[in-house]
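Engineer: Take this structure, written in structure tokens, and hold onto it; I'll ask about it next.
The values are calculated or read from the model by the stated rules, or taken from the named source; none is laboratory data. These numbers come from a predicted model, not from an experiment. With ideal geometry, Cβ positions are generated from the backbone for all residues, glycine too; neighbour counts draw on all protein chains shown. Please note that ligands, DNA and RNA were not included when accessible areas were found on the heavy atoms of the full protein model with its side chains. Shrake-Rupley method; radii C 1.70, N 1.55, O 1.52, S 1.80 Å.
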Amino acid sequence: MEKKTHPRLKEFKYTLYRIFRNPSAIIGFTLLIFFTGVAVFAPYIAPPKYAHDPYIMPHKGFSPTPKPPTKEHIFGTTSGQYDIFYGAVWGTRTAFKIGIFVVFFATVIGVSVGVISGYVGGIVDEIIMRIVDIIFAIPTVVLAMAIVVAFGRGLDKVMIALSLVLWRNYVRVMRSGILTLREMDYVQAARVMGVSNIKIMIKHIIPNAIYPVMVMAFMDIGSMVIVAAFMAFLGLGAPRGYADWGQMISLARNYIVGPAEDPLRYWYTIIIPGGCIVLFVLAWNLIGDALRDAFDPKIRRK
Amino acid sequence: MPKLIQAEDVVTNFYTYEGVVKALNKVGLVVDHGATFGLVGESGCGKSVMVRSMMRIVQEPGQIEGGKVVLFFNGDQQQEAVDLLQQSEAYMEDLRGNHISMIFQEPNAALNPIMSIGDQISESFLFHRKKEMSKKILEDLSADDCRVFLPLKKLQQTLYTIAADNPKSFILIICSKIPILSLWQRRLKREALQRSIDIIRKLSISNPSETVHRYPHNLSGGMKQRIVIAIALACHPMLLIADEATSNLDVTIQAQILELLKDLKKTEIASILLITHDLGIVAETCDRVGVMYAGNLCEVADVEKLFQNPQHPYTKALLESVPKFSQEGRLRSIDGAVPNLVSPPSGCRFHPRCSHAMEICKQTFPEEIEIEENHMVACHLYVK
Amino acid sequence: MENVLELKNLKRHYPIYGGVFRKQVASVQALDGIDLSIRRGECLGLVGESGCGKTTTGKAIIRLDDPTSGNILFYHKEKKDGVDIATMSPRQMKKQGIRSKLQMVFQDPTTSMDPRMLVKQIIAEPLREQGGLSSRALENRVVELLELVGLTKDHPMRYPHEFSGGQRQRIAVARAIATNPEFIILDEPTSALDVSVQAQILNLLHELQQRLQLTYLFVTHHLLVVKYISHRLAVMYLGKLVEIADTDDLFNKPLHPYTHALLSGIPIPDVQHKLKRIVLSGDVPSPLNPPSGCRFHTRCPFVIDQCKSEEPVLEEVESAHKVACHRKNEVRKLVYDQFG
């Protein structure tokens, strides 16, 4: 016998192996580590000018024309003379905040509603699922915008609105998982042993049904940042000057195309915040993809 | 009897997280023309991997790493022998379903749920028999003076001439893509459907001309397996490989399918390679049997010899552990389980479970010995 | 001999709903009036093809499935009078201590165990449910159970997927006997296993039965597998019992034509044994609308007009040998004449 490791540890190692066997996971995690580093060390990378609220981007002057990169502003300044480098660095924190907050609340709501729906069944299930269907009929952004308009402008309001929209996805996944697992032999075996329904739910069904929700949640962290950026672009997000990638693109909206003789003159106003968003979303999507492969019980063991 | 297919020293490995699974360790077998060869063994012994290696359809992460699979198109004549492991993928594609076809355990997985039965059988004809069918249609076209508008008939004749000459011609591919011109295939499809009806009539399915228009979900399990057999038999293969073809069916349905295979053997198919874990099926349908254990072939013999006079300890034990009508009392069983092929036992792979294990069994791998005519055993108990 | 269980006219119809208002439009008659008594200490084999209702019977007894009508009487070892468990609530069953007395072993050991649980937890689960054991005692009991089914004490700290099929089924058996049950339903416990391992499990089950004085209901589609272990056999076809007899009786002089066909359909691993086979034509009809009269008449080689209109009753022909067939007295001769 080789050295004895605890089986849970062995299983965990195997999961890690399955995740990192996938090259896209390595790229995804590298990007994520990079972004996390930037977010954590933001005060050192770009020391805040206003100590009371570091999220406000510093700006020198109010000229609407962006200025190209210089030694002082290595990524240049965008419309309103906000420093793009500072915005990109502190925007990372904002992106993490949006993504994780929104997805966390949406999963909590979605999983609980899904569990109730799948567990109670019958008329309750029917009512919940029809409500979810109705919410599904409204486009994400329209619904989120309606909620933001009702609550008022602000980043926190956007986050709440998005979680109130996103949970509907998880309800369906959780419920269908529960319905499939309820018919599994090991659940039946537990019933034969006399384990009560609630215990079966907690011990056998939820832990096995949660994986698809987790994979989905990881992927949604990225896409929620996009939606939030879109709303910022429409002017529904954070107040002017807040370090937020969406906001920065919104500031640069008049400079997407430069003057006729040099259309790419203001590239840095769009490419840098836009690139940040793309890479951030890509990181989460790649990770989500790798996790899906790693967790899939069908291909996990042969 | 002349040989049909001969595999020699096939080695197939699977590269997994746990390590290299040595699924086949130099396995060789010979299927004769007109014979039914049964390959038996427990699950995980490599019998499926063996035939998949012979057909070159081993799934990822498996790799065929050595050996030879020689197919004799015309008896023993060496010049017409082909080593399948050396051929191109295109060659194999043409071979599978045409000269060698396979049926699998699960008919539901083998049939496409959104295609009608007729279309699924026709597919095989359209893929492998385009040339021949086009020739026949050409004859028909020139024979009958039907109502087809004359230039159209001309066009059809030209196209079918091309098809009869080279079915993969570029012009035909283009014509099949252009909406109105693609109608030229209609006759071809009609012909294929007609052939499909003929083939399922042979499988004693009632009302064949109606069955071809039905979909798999309309049919019962036994019926579906018949359709799968029909697809396999469509092109009159030289060898039919049946991989656990009846093990998911009920006893009475299994009896029907086995009778059918026996009947077909007399009329339609040259040889059958039957893979099963059920020794009863082997005893009833096969002429020759190979017993596999943990990626090795332990014993090959004619069916009477193997069942009446088994030589390898594994074969003996396996035969004793099968429930029988006549036997009374406790069932004999083989202790332990099939070894993990990542780290197979040294020497003879059966030695940890063998009641006759000797010192030499742990060290060296036994060679295959012919102990009597046509009876091969790989065991140290028998010395040359 | 005293009975452990008595099934009285047990029925299970699965309703099929249709239309906008979810009205019941039809029902699948999975079980249609089963009368069966299971004696203490015996092993009763329940044989039939897929879809004949054999698994439904097992699940109804253990109340994984609620019977539509009929009674299931359970007799405790100590108490004399039976309790009807057909309509009892799960909580009531647990309270009266019946839950732990009825257990089940499932067909596929891969799916019958939670893949995320360790073997230790899997076997301890029913014990925990019963309560009253300290964690030390629990651990000891788990090891004891593992040794009883032929595994060692190295095994509890592993996941089920690390085991071979036969070992997994041993774990499932250990879990089933953990609460000292009186009655175990074995639902095709060997059909997912290899031949050589199948024999191991059958022997294990046989030993355990004698050692722990268990009563088995062995549900299977394979007649030869139950021959070794069962004392009596019941043959089912489309939700009905067609024949019940002692095992030897059933093998030596089967009376129902369906039993004949089942027996002759099994491939025999013996080259000298060349019996002529009764090949039934067609498939099992749908239980959605079963044939009128005798349900077997659509496939029976000896069908007469009476079979199509009148349903045969399960009657005792000899002692302990019951058959439901109109031509029960002629079948043997008919089989001999037609199939040799």
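Engineer: What nm value, rounded to one decimal, do you get for the distance between B:Ser209 and B:Asp83 when each label is placed 7 Å out toward the C-beta?
Structural biologist: Going from the B:Ser209 label point to the B:Asp83 one covers 5.2 nm.
Engineer: Which is farthest toward the positive dipole end of the protein assembly as shown among C:Ala174, C:Thr298, A:Ile127, measuring Cα position about the Cα centre, with Cβ charges +1 (Lys, Arg) and -1 (Asp, Glu)?
Structural biologist: So the residue we want is A:Ile127.
Engineer: What's the total accessible area buried between chains A and C, using a 1.4 Å probe, rounded to the nearest 100 Å²?
Structural biologist: 2400
Engineer: Quick one: dipole size for the protein assembly as shown, taken about the Cα centre, charges +1 on Lys/Arg Cβ and -1 on Asp/Glu Cβ, in debye to the nearest 20.
Structural biologist: 3020
Engineer: Strictly under 4.7 angstrom between C-beta atoms: which cysteines of chain C have no such partner?
Structural biologist: C:Cys43, C:Cys52, C:Cys300, C:Cys325
Engineer: So for each of B:268-280, B:59-71 I average, over its residues, the number of other beta carbons within 10 Å; can you give me the resulting order with the highest mean first?
Structural biologist: The densest-packed peptide leads the list: B:268-280, B:59-71.
Engineer: What fraction of the Cα pairs in the range B:117-196, stated in percent, has a spacing above 16 angstrom?
Structural biologist: 49
Engineer: Simple spin-label model, 7 Å along Cα-to-Cβ: C:Ala137 to C:Leu288 in nm?
Structural biologist: Here the modelled spin labels are 5.4 nm apart.
Engineer: Across the range B:36-50, in residue order, what do the Karplus-derived ³J(HN,Hα) couplings come to in whole Hz, using 6.51 cos²θ - 1.76 cosθ + 1.60 with θ = phi - 60° and x for Gly and Pro?
Structural biologist: Computed from phi, the couplings for the range B:36-50 are 10, 9, x, 10, 10, x, 7, 5, x, 8, x, 5, 5, 4, 4 Hz.
Engineer: Can you tell me the orientation of helix B:130-143 relative to chain B, as the angle in degrees between its alpha-carbon axis and the longest Cα principal axis, to the nearest 10?
Structural biologist: It works out to around 30 degrees.
Engineer: What does the charge dipole of the range B:117-196 about its Cα centre add up to, to the nearest 20 debye, if the Cβ of each Lys and Arg holds +1 and the Cβ of each Asp and Glu holds -1?
Structural biologist: 140
Engineer: In nm², what is the average projected area of the convex hull enclosing the Cα atoms of the range A:33-129?
Structural biologist: Its average projected convex-hull area is 9.8 nm².
Engineer: Then there is this: If contacts are Cα pairs under 8 angstrom and at least 6 residues apart, what is the relative contact order of the range B:117-196 in percent?
Structural biologist: 47
Engineer: Sort C:Arg91, C:Arg22 from largest to smallest accessible area, using a 1.4 Å probe on the heavy atoms of the protein chains.
Structural biologist: C:Arg91, C:Arg22
Engineer: Figure the gain on full extension for B:Ser343 and B:Asn112 (residue separation times 0.36 nm, minus the Cα-Cα span) and round it to one decimal in nm.
Structural biologist: 79.3 nm
Engineer: Right, something else. Between C:Lys8 and B:Asp302, what FRET efficiency follows from the Cβ-Cβ distance if R0 is 56 Å, with the result rounded to 0.05?
Structural biologist: 0.55
Engineer: Something else: Positive end of the charge dipole of chain B (Lys, Arg +1 and Asp, Glu -1 on Cβ, about the Cα centre): tell me which of B:Val49, B:Ala109, B:Cys175 has its Cα farthest that way.
Structural biologist: It is B:Cys175.
Engineer: Shielding by partners for C:88-95, please: the mean number of other protein chain Cβ atoms within 10 Å of each residue's Cβ.
Structural biologist: Average per residue, whole number: 2.
Engineer: With 31 Å as the limit, write out which pairs from A:Lys10/C:Lys59; C:Lys8/C:Lys276; C:Lys54/C:Lys101; A:Lys13/C:Lys120; B:Lys68/C:Lys276; C:Lys59/C:Lys227 have Cα-Cα distances beyond it, or answer none.
Structural biologist: A:Lys10/C:Lys59; C:Lys8/C:Lys276; B:Lys68/C:Lys276
Engineer: Let me cross-check C:Lys240: its accessible surface, 1.4 Å probe, with only protein heavy atoms counted, in Å² to the nearest 10?
Structural biologist: Accessible surface of C:Lys240 is approximately 50 Å².
Engineer: Using a 1.4 Å probe on protein heavy atoms only, how many Å² of accessible area do C and B hide from each other, summed over both chains and rounded to 100?
Structural biologist: Answer for the C-B pair: about 3600 Å² buried.
Engineer: Tell me, in nm to one decimal, what length is gained between C:Glu144 and C:Ser69 on full extension, where the rule is 0.36 nm per residue of separation less the Cα-Cα distance?
Structural biologist: Gain in length upon complete extension: 22.9 nm.
Engineer: Take the Cα of A:Asp262, step 7 Å along the line toward its Cβ, and report every residue of the range A:68-85 whose backbone nitrogen sits under 12 Å from that point.
Structural biologist: Label zone hits: A:68-69.
Engineer: Just tell me the longest site-free run in chain C, where the sites are GluC sites (Glu not before Pro) in a DSSP loop having at most 14 other beta-carbon atoms within 10 Å.
Structural biologist: C:79-309
Engineer: If you don't mind, another one. Given contacts defined as C-alpha pairs under 8 Å and at least six residues apart, what's the relative contact order of chain C, whole-number percent?
Structural biologist: For chain C, the relative contact order is 19 percent.
Engineer: Let me ask another. Rounded, prolate or oblate: which fits the range C:135-210, taking a ≥ b ≥ c as square roots of the Cα gyration tensor eigenvalues, rounded meaning a/c under 1.5, else prolate when a/b beats b/c?
Structural biologist: Oblate shape, in that a/c is at least 1.5 and b/c is the bigger or equal ratio.
Engineer: Short version: ³J(HN,Hα) in whole Hz for each residue of the range B:265-270, in order, from phi by Karplus 6.51 cos²θ - 1.76 cosθ + 1.60 (θ = phi - 60°), x for Gly and Pro, what are they?
Structural biologist: 4, 6, 10, 9, 9, 6
Engineer: Right, something else. With +1 on the Cβ of every Lys and Arg and -1 on the Cβ of every Asp and Glu, and nothing else charged, how large is the dipole of chain A about its Cα centre, in debye rounded to the nearest 20?
Structural biologist: Value, rounded to 20: 920 debye.
Engineer: In terms of Cα to Cα distance under 14 Å, which aspartates and glutamates are near enough to B:Lys305, apart from those fewer than 8 places away along the same chain?
Structural biologist: B:Glu284, B:Asp287, B:Glu370, B:Glu372, B:Glu373, C:Asp270
Engineer: Can you list the DSSP H helices in chain A whose Cα atoms extend at least 30 Å along the helix axis and whose mean Kyte-Doolittle hydropathy is 1.0 or higher?
Structural biologist: A:84-120, A:206-233, A:267-295
Engineer: Residues of C:258-270, mean number of Cβ from any other protein chain within 10 Å of their own Cβ, rounded to a whole number?
Structural biologist: The shielding value for this peptide is 6.
Engineer: Rank C:Leu262, C:Gln198, C:Cys325 by how far each Cα sits towards the positive end of the charge dipole of chain C (+1 on Lys, Arg Cβ; -1 on Asp, Glu Cβ) and give me just the farthest.
Structural biologist: C:Gln198
Engineer: Could you name the lysines whose alpha carbon sits less than 26 Å from that of B:Lys154, not counting residues in the same chain fewer than 8 places away?
Structural biologist: Result set, ordered by chain and number: B:Lys130, B:Lys131, B:Lys135, B:Lys136, B:Lys168, B:Lys177, B:Lys189.
Engineer: Whole number in Å², please: accessible area per residue of the protein assembly as shown, 1.4 Å probe, ligands, DNA and RNA not counted.
Structural biologist: Averaged over the residues of the protein assembly as shown, the accessible area is 45 Å².
Engineer: For B:Lys153, go through the aspartates and glutamates and keep the ones whose alpha-carbon is under 13 Å away, minus same-chain ones fewer than eight residues off.
Structural biologist: Straight-distance partners of B:Lys153: B:Glu139, B:Asp140, B:Asp144, B:Asp145.
Engineer: Suppose R0 equals 25 Å; then what is the FRET efficiency for A:Glu11 and A:Ile202 from their Cβ-Cβ distance, rounded to the nearest 0.05?
Structural biologist: Calculated transfer efficiency: 0.75.
Engineer: Return the average number of partner chain Cβ atoms within 10 angstrom of each residue Cβ along peptide B:250-262.
Structural biologist: Across the residues of B:250-262, the mean count of other-chain Cβ atoms within 10 Å is 6.
Engineer: Counting chymotrypsin sites (Phe, Trp or Tyr not before Pro) as exposed when in a DSSP loop with at most 15 other beta carbons within 10 Å, what is the longest stretch of chain A free of them?
Structural biologist: Result, exposed sites excluded: A:63-302.
Engineer: Please give the solvent-accessible surface of A:Asp262 in Å², to the nearest 10, using a probe radius of 1.4 Å with every protein chain present.
Structural biologist: Accessible area of A:Asp262: about 60 Å².
Engineer: Give, in whole angstrom and from largest to smallest, the semi-axes √(5λ) of the equivalent ellipsoid of the protein assembly as shown, with λ running over the eigenvalues of the Cα gyration tensor.
Structural biologist: 57, 42, 32
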